[in-house]
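The values are calculated or read from the model by the stated rules, or taken from the named source; none is laboratory data. For clarity, every value in this text was computed on a predicted model and none was experimentally measured. Every residue, glycine as well, gets a Cβ built from its backbone with ideal geometry; the counts of neighbours run over all protein chains shown. Areas reflect the complete protein model, heavy atoms only, side chains present, ligands, DNA and RNA absent. Shrake-Rupley method; radii C 1.70, N 1.55, O 1.52, S 1.80 Å.
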Amino acid sequence: MRKLSLGAQWKGATIAERHGVEVVSRVSDFETEYRLVRESVALTDFSFMRRYRFPTDKGIDLLDALLPGNVARIRYGRVMQTFMADDEGRILADCYVANNDEEMIFLCEAAAPDDLMARIIREADRDGIAQDLTESHVLLSVDGFRAWAVVRDLFGADVLGLPYLSVELYPFEGEQIYLFRAGKTSEFGYLLLAPRSVGERLFDAVSAAVSRHGGGRCGVEVHDSLRLEGRFFNIHAEGQRVGDPLVLGLQWMMDFEKSDYRGAAAILRRRAAGLSRKVIGVLAAPGEEHLKVGARLFHGADEVAEVVAETGSPVLGRPVALAVFRNDVAYAGLPFSLGSPHGPAVSTVSMPPIMAKSLSVKLDEM
């Protein structure tokens, strides 16, 4: 098992395993960690993601052959979100690819065994150009309504001009830190990729800044709920349970002019045949306990959907879920029955069902 990079810094937290990698699962209770992100700021260890550096001249071709997104079209300083599939066109990993001029940075969050993902990169890297940063670098995530203030304190007001899905280098104690503006919580989010030699000191500096802005530390479990609430794709929930990127609605991650990436033949074959299912959001009444993964939804006497991800939404005060529906009833605003034709009433909803607090912040006026 791949160990946590900064284990000593997370003493007292609940440590779990995901696909052969240690992760910080929880630091405190769900409600506390949720409120940190929604109302202030939270620090999370994202070193479970695999991370690589490639020279741009050869790395573009290597990554373009692995991923359905068009790597060659990523502009300097920008980040593309895409995925990696297996030979059957089922999703293995949610990926970021960053163009940092003469180098490409590749971040990979997998729902597959860690050693499998490492082997895929090794086998694709016939020229030996990949630099594996997974052990040599740490990856921290800063998310929340006040996340922008934390990175501003660390790196200066220049960071406030970074657009979503961008990357920039900043100095820290003699090393260069990659700062990605990303995040999947609906609030402000940043990833910090740093050499392990300064990892502990960076962690302490970020943690201190987070505390100054009323925040704290959290684990990855709460991120699963935050992603669903904001309708950000979650490889560990609906991604793992559904697998098919077309049913999941991830067409925006693909360039359909490409036909030579991993899993392309299977994906394009399913697309040509047409889709019969689609993922739609679902809301239940406050206190409803049966809107769980695997639950069936009915339209009259017909079973029409299966729940593939769910959480309790503190903002809404009720459960929210994602379900795979038959296409003929895959619309927002429709009533259904939960569990049986005469079960509790639920309804489909346009996602996301919340308004993030960060949308009220105008960074260009700071």
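Could you compute the net charge surrounding ILE121? Neighbours are other residues with a C-beta less than 15 Å from the C-beta of ILE121; K and R count +1, D and E count -1.
Computed value for this residue: -2.
Please say if segment 118-205 is rounded, prolate or oblate, where rounded means a/c under 1.5 for a ≥ b ≥ c the square roots of the C-alpha gyration tensor eigenvalues, and otherwise the choice is prolate for a/b larger than b/c and oblate otherwise?
In terms of gyration-tensor shape, prolate.
Any idea of SER340's accessible area? Nearest 10 Å², probe 1.4 Å.
Spelled out: SER340, probe radius 1.4 Å, area about 40 Å².
Pairs of Cα atoms under 8 Å, at least six residues apart: use those to get the relative contact order of segment 65-155, whole percent.
This gives 16 percent for segment 65-155.
Quantify, in whole percent, the carbon and sulfur part of the accessible surface of segment 115-236 (1.4 Å probe; protein heavy atoms only).
So the carbon and sulfur contribution to the accessible surface is 45 percent.
For segment 1-112, with the dipole built from +1 on Lys and Arg beta-carbon atoms and -1 on Asp and Glu ones, taken about the Cα centre, which of VAL71, MET104, ILE15 lies farthest toward the positive end?
ILE15
For segment 210-228 and segment 155-187, what is the centre-to-centre distance using only Cα atoms, to the nearest Å?
The two parts, judged by their Cα centres, are 18 Å apart.
Determine the dipole magnitude for the chain: charges of +1 sit on the beta-carbon of Lys and Arg, -1 on that of Asp and Glu, nothing else is charged, the reference point is the Cα centre, and the result goes in debye to the nearest 20.
The calculation lands at about 500 debye.
GLU31: accessible area at probe 1.4 Å, nearest 10 Å²?
We get 80 Å² for GLU31.
Summing +1 for each Lys or Arg and -1 for each Asp or Glu, what net charge is found among the other residues whose Cβ lies under 15 Å from the Cβ of ASP87?
0
Which percent of Cα-Cα pairs in segment 109-166 sits in each 10 Å bin, short to long?
Histogramming segment 109-166 at 10 Å steps yields 16, 33, 25, 24, 2 percent.
Using Cα pairs under 8 angstrom and six or more residues apart, how large is the relative contact order of segment 223-346, in percent?
Relative contact order, segment 223-346: 26 percent.
Under a 1.4 angstrom probe, counting protein chains only, how are ARG270, ARG90 ranked by accessible area, largest first?
ARG90, ARG270
How big is the charge dipole of segment 1-78 about its Cα centre, in debye rounded to the nearest 20, if each Lys and Arg gets +1 on its Cβ and each Asp and Glu gets -1 on its Cβ?
Approximately 280 debye in magnitude.
Once you wrap a convex hull around the alpha carbon atoms of segment 1-117, what is its projected area averaged over all directions, in nm²?
In nm², the orientation-averaged hull projection of segment 1-117 is 8.9.
For the chain, modelled as a Gaussian network with Cα springs under 10 Å, which listed residue fluctuates most, GLU187, GLU103, GLU289?
GLU289
For LEU139, what charge total do you get from the other residues with a beta carbon under 12 Å from its beta carbon, if Lys and Arg give +1 and Asp and Glu give -1?
Around LEU139, the surrounding residues sum to 0.
Could you report the accessible area of SER28 in Å², rounded to 10, computed with a 1.4 Å probe on the protein chains as they sit in the structure?
50 Å²
List the relative contact order of segment 1-135 as a percent without decimals, with contacts defined as Cα pairs under 8 Å and 6+ residues apart.
25 percent
Just the ratio, please: alpha-carbon radius of gyration of segment 236-366 over 2.2 N^0.38 Å, N its number of residues.
Ratio of Cα Rg to 2.2 N^0.38 Å: 1.23.
Shape verdict for the chain, please, from the Cα gyration tensor: rounded (a/c under 1.5), prolate (a/b greater than b/c) or oblate.
oblate
How would segment 68-220 be classified by its alpha-carbon gyration tensor: rounded, prolate or oblate, with rounded meaning a/c under 1.5 and the a/b versus b/c comparison settling the rest?
In terms of gyration-tensor shape, prolate.
To the nearest 500 deg cm²/dmol, what mean residue ellipticity at 222 nm is calculated for the chain from DSSP H runs of n ≥ 4 alone, each contributing -39,500 (n - 2.57), summed and divided by the residues?
Helix-only estimate at 222 nm: -6000 deg cm²/dmol.
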